[in-house]
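Only one structure is covered here, and it is reproduced in the block below.
Every read-out reported here was derived from the displayed coordinates using simple, explicitly stated rules and does not represent laboratory data. What you see is a predicted model, and the numbers here were worked out from it, not measured in a lab. Note that we place each Cβ from the backbone using ideal geometry, even for glycine, and neighbour counts take in every protein chain shown.
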Amino acid sequence: MSVVATETAGGAGTGTGAPEAGKIRCDACPVMCIIKDGMTGACDRYANAAGELIRVDPHVLIDRTLSTGGEVVPFLEREADWDGRILGEATTFVTAIGAGTTYPDYKPAPFIVASEIDGVDMVTVVTEGIFSYCGVKVKIDTDRWLGPEQAVVRADGEAIGHVTTGEYGSQMLSLGGVHHLTGGSKREGKVTCDALLALSNGFAVELAIDGGSTVIVEAGKAPIVNGVPETRMRVGCGSATIGMFAKQWLGLADEVVVVDDHITGVLSEHQAGKLLGIPDTGIRMKGRRSTPGRYFQVAEPGTGWGGTNLADPLAILGAFDPKKGARPGLTLFMVSTTGEHAAYFVLDEALRPVEQAIPAPLAAVAERIAENCEPALSTVLFMGGAGGSLRSGVTENPVRLTHSVKQALTRVTCGGAPAYVWPGGGITFMVDVTRMPSNAFGYVPTPALVAPIEFTMTLADYEALGGHMDHVRRLSQAGTPQGRRLVAPIADNPWPFGQPGSGGTP
Ligand code: SF4
């Protein structure tokens, strides 16, 4: 992870007094760095270039022609090099990445760009928002136990979040948020900011969970739990696995147990087994019986069979009951929800299960379970609140932007990627960071994350919500002090210029 700094090596200080000769003040965030010539500010996003405050990174524009065989212009060094003939309004989307921030927010956003799309005048308002209220939600496709719900998640020894409710085949972490950014020690805030920045920009971060595992998370990549890369997401819970594969086991084993940390399935008792006419086997399960053939809490959670702590699956069985169908020679197949673990047993004369080689037809069904597992991935969703002062950069009447978003008149994107806006008050959004151009996020040492956000609507709607109409510029007039970088749209992202509700196609 990169290190969050409050000032660069000799390059920046902070303060509100008049800067000395040769230094300038950056007013793009509350830190108010005073920056020497040739140096960058504390966030490395702004620099003093011969007395001019410049945004260091190129401003990113998405160009559809790059994905449709058009002329490729990967990088334009300076605005002056661009004659405006290459970028069509219908094929270019101005993102907020590298666009800059206007602090305090009563100033209009850095770019308010008009475009004509299919005869409709559209406008996109872009800004790099400073988010003190932000975090990431992490979905980790694994059954392996990461830690108890509510357990503290740490990076570099600092608490940066917690384990939250598990989902179907995945475990969830909630990281960041204003409490860790601002409510703890200075180091906790910095480490939290650092981890959020790295995760949002697609870098791997090692996390340690109190009372649980370590996990390396990288958006779009397999999680690594306690040093072992996860490969498969479970096919379903134990009961669902019984439902999916019951017919394929018919005639191959007298009994099947699908071991799962949450719901372990038993074929002969399960409704699927009943409908297939599978007789009782006298099996006795440990754990709490929920409904027929479905058992909770058969073992402790762990990194063994089906997300339990089991190395020996027989540990969840009691003695077989001869009065309820158990007999010598009865066959038992036990398998995990990923097909990763499987074993075959035959009851001896004392009705004890004795392990034998798995018959090929049963092994084939275990492989079928594995085949039906999806690759295990880590998913990182950035979540931020844009319902505050950021809105003043869009309109003099901020609540109208909120209303416009809620009425689906205004589309919210982050670096051109579609954002999900939560119902209810404010503009609280989530975005999949893998759908955004690389390195779209920055930080300021307040600490807070800097994330691109764009609001796109018709020009008429923009005017109606009290937009800064005197700052609307055509794309060809939208100059930047720094270079521009053209990137191809990310596959599957709807084109941001579509009319809201149209699915994104112009
Ligand atoms: S931290 Fe960055 S944005 Fe904030 S004042 Fe310093 S250089 Fe400007």
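Straight Cα distances below 17 angstrom link Lys221 to the aspartates and glutamates Asp141, Asp143, Glu206, Glu230, Glu374, Asp432, with same-chain residues fewer than 8 positions distant left out. Cross-link check: pairs Lys286/Lys324; Lys137/Lys406; Lys36/Lys190 evaluated at a Cα-Cα cut-off of 18 Å; pairs beyond the cut-off: Lys137/Lys406; Lys36/Lys190. Annotation for Ala311 and Gln297: the two label points, set 7 Å from Cα along the Cα-Cβ direction, are 2.6 nm apart.
P(r) tail for the chain: Cα pairs beyond 36 Å make up 45% of the total. The slack in the chain from Val56 to Lys221, taken as 0.36 nm per residue of separation less the alpha-carbon distance, amounts to 56.5 nm. Between the helical axis of 360-371 and the longest alpha-carbon principal axis of the chain there is an angle of about 20 degrees. Extension gain for Val178-Ala90 works out to 27.8 nm (0.36 nm per residue, less the C-alpha to C-alpha distance). Can you list the aspartates and glutamates whose alpha carbon is less than 16 Å from that of Lys247, not counting same-chain residues fewer than 8 positions off? Answer for Lys247, where 16 Å is the Cα cut-off: Glu255, Glu269, Glu367, listed by chain and number. The C-alpha atoms of region 237-378 occupy a region whose extents along the principal axes are 48, 30, 29 Å, arranged from largest to smallest. Within a Cβ distance under 15 Å of Thr101, other residues only, what is the Lys/Arg minus Asp/Glu net charge? Summing Lys/Arg as +1 and Asp/Glu as -1 gives -1.
Take the Cβ-Cβ distance between Val354 and Thr231 as r, set R0 to 51 Å, and report the resulting FRET efficiency rounded to the nearest 0.05. Here the calculated transfer efficiency is 0.95. Grouping the Cα pair distances of region 134-231 into 5 Å bins from zero gives a pair-distance distribution of 3, 15, 27, 27, 19, 7, 2, 0 percent in increasing distance order.
Proximity of backbone amide H atoms, modeled 1.01 Å from N, is registered between Thr428 and Ala386, Trp422 at under 5 Å, excluding neighbours fewer than 5 places apart on the same chain. Using a simple spin-label model with pseudo-atoms 7 Å out from Cα toward Cβ, Ser438 and His403 lie 4.4 nm apart.
The length gained on full extension between Lys247 and Arg327, counted as 0.36 nm times the residue separation minus their Cα-Cα distance, comes to 26.5 nm.
Can you figure out the FRET efficiency of Tyr420 with Asp492, using R₀ = 25 Å and their beta-carbon distance, to the nearest 0.05? Efficiency computed from Cβ-Cβ geometry: 0.95. Within the chain, the longest run free of chymotrypsin sites (Phe, Trp or Tyr not before Pro) that sit in a DSSP loop with at most 14 other Cβ atoms within 10 Å is 169-506. For the chain, relative contact order (Cα pairs under 8 Å, six or more residues apart, normalised by length) works out to 20 percent.
Rounded to the nearest 10 degrees, the angle from helix 238-249 to the longest Cα principal axis of the chain is 60 degrees.
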